[in-house]
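Heads up: the structure comes next, in structure tokens.
What follows is calculated from the coordinates using simple rules that are stated; it is not laboratory data. Note that the coordinates shown come from a computational prediction; the quantities given were computed from them, not determined experimentally. Cβ: placed from backbone, ideal geometry, glycine included. Neighbour counts: every protein chain shown.
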């Protein structure tokens, strides 16, 4: 008997891989067409993240003679460990059948459930990772056949931006959901010398926990910092994820405090401001490394490092709701402004 989940896994594998394999780059280099397998942790339509990463990868590889094949693990919408293990195994089977010259793996789940098995393993392809929040050593990286790009949130820079908009902020709470990505964020945040005192790191798992956390710190802090909040569920009995906008709307309405975000949909979710990492730059940086390796350079020629450019995001609707005036100079320099 084949379970509904197994059928769904097979369907996902056929649809996502089958659709993505038909995306070749037309130019061929002298020593033959190179095959590159790109494994994304999340679904291909995730705007502000996967879509931008893919655009960066394709821009970097354009004209290189590489034929790209895509596989999307879809672990943001399907968060249970069984799904992650099975879809990681699907990616491994695809890699074995394709025999790629190089593999690009984006975000942490692609490393944990797929790419780590290639680290320093004889006969494995070269791996270039990107969008990694954890210490790469957690996955056994780097090795002679693995290098890549780490993602480090612009935490200090975002808080300093908030302080320019709202002077006098001294204490804040950090809110995230519960995942390997957010655990890594908290570890990294604790290592920094920040211009504020972070009184607590909270990871509510349900909507009631989110509401209780917001209420608990009302009047005790000057602002809230928010990282990824995409897996907060309605309740233990209702496993649906609460939309970011709904969580932020409650936060703004009930706390009446300024908010700063450190992720790609900061402004669109309704947070006041933030400087996010450019997902397109993450993809582009990984693609440039891949291009260099395909041209004959070694993975060790590319030290693991973060990307450097950030994207200022502002939400003027939230500013108006809170009675905050954002200086024009800051608005002019913003990449994304929600009006």
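Just to confirm the number: angle between the C-alpha axis of helix 244-255 and the first principal axis of the chain, 0 to 90 degrees, nearest 10? Rounded to the nearest ten degrees, it is 20. Here the residues 165, 312, ranked from fewest to most Cβ neighbours within 10 Å of their Cβ, fall in the order 165, 312. Legend: calculated FRET efficiency, residue 96 to residue 236, from the Cβ-Cβ distance at R0 = 41 Å, rounded to 0.05, equals 0.60.
Restricting to bridges with both residues inside the chain, how much of the DSSP beta-bridge set is antiparallel, in percent to the nearest 5?
20 percent
For the chain, with a Gaussian network of springs between Cα atoms less than 10 Å apart, report the residue from 329, 313, 90 with the top mean-square fluctuation. It is 329. Taking the square roots of five times each eigenvalue of the Cα gyration tensor of segment 82-160, the equivalent ellipsoid has semi-axes of 25, 15, 10 Å, listed largest first. Could you check the spin-label model distance between residue 295 and residue 220? Points 7 Å from the Cα along Cα→Cβ, value in nm. Inter-label distance under the simple model: 5.5 nm. Each 10 Å bin, from zero up to the one with the longest distance, holds this percent of the alpha carbon pairs of segment 227-281: 24, 47, 24, 4. The alpha-carbon positions of segment 158-273 define a convex hull whose volume is 92 Å³ per residue.
Build a GNM of the chain with springs between Cα atoms under 10 Å apart, and of 276, 191, 64 the one that fluctuates most is 191. Taking the Cα atoms of segment 50-201, the ratio Rg/Rh between the radius of gyration and the Kirkwood radius comes to 1.04. Here the extension length gained between residue 246 and residue 171 equals 24.6 nm, from 0.36 nm per residue of separation less the Cα-Cα distance.
I need to check one value: relative contact order of the chain, counting alpha carbon pairs closer than 8 Å and at least 6 residues apart, in percent. All intermediate terms of the calculation are to be shown ahead of the outcome.
Numbers: 682 pairs, mean separation 61.9, N = 339.
After rounding, I find 18 percent.
Eigenvalues of the Cα gyration tensor times 5, then square-rooted: what semi-axes does that give for segment 193-339, in whole angstrom, largest first?
So the equivalent ellipsoid measures 33, 21, 14 Å along its semi-axes.
A convex hull fitted around the alpha carbon atoms of the chain yields 138 Å³ per residue.
Give the order of 128, 221, 338 when sorted by the count of other beta carbons within 10 angstrom, beginning with the fewest.
338, 221, 128
Highest mobility in the GNM of the chain, judged by mean-square fluctuation with C-alpha springs under 10 Å and restricted to 134, 295, 115, is found for 295.
Put in order of Cβ neighbour count within 10 Å, fewest first, the listed residues 174, 73, 325, 106 become 325, 174, 73, 106. State the Cα centre-to-centre distance between segment 95-138 and segment 277-304 in whole Å. Each part's Cα centre sits 13 Å from the other's. The angle between the Cα long axis of helix 207-217 and the main principal axis of the chain comes to about 50°, on a 0 to 90 degree scale.
Annotation: extensible slack from residue 80 through residue 47 equals 9.7 nm (criterion: 0.36 nm per residue apart, minus Cα-Cα distance). Rounded to the nearest 0.05, the FRET efficiency derived from the C-beta distance between residue 194 and residue 33 at R0 = 45 Å is 0.40.
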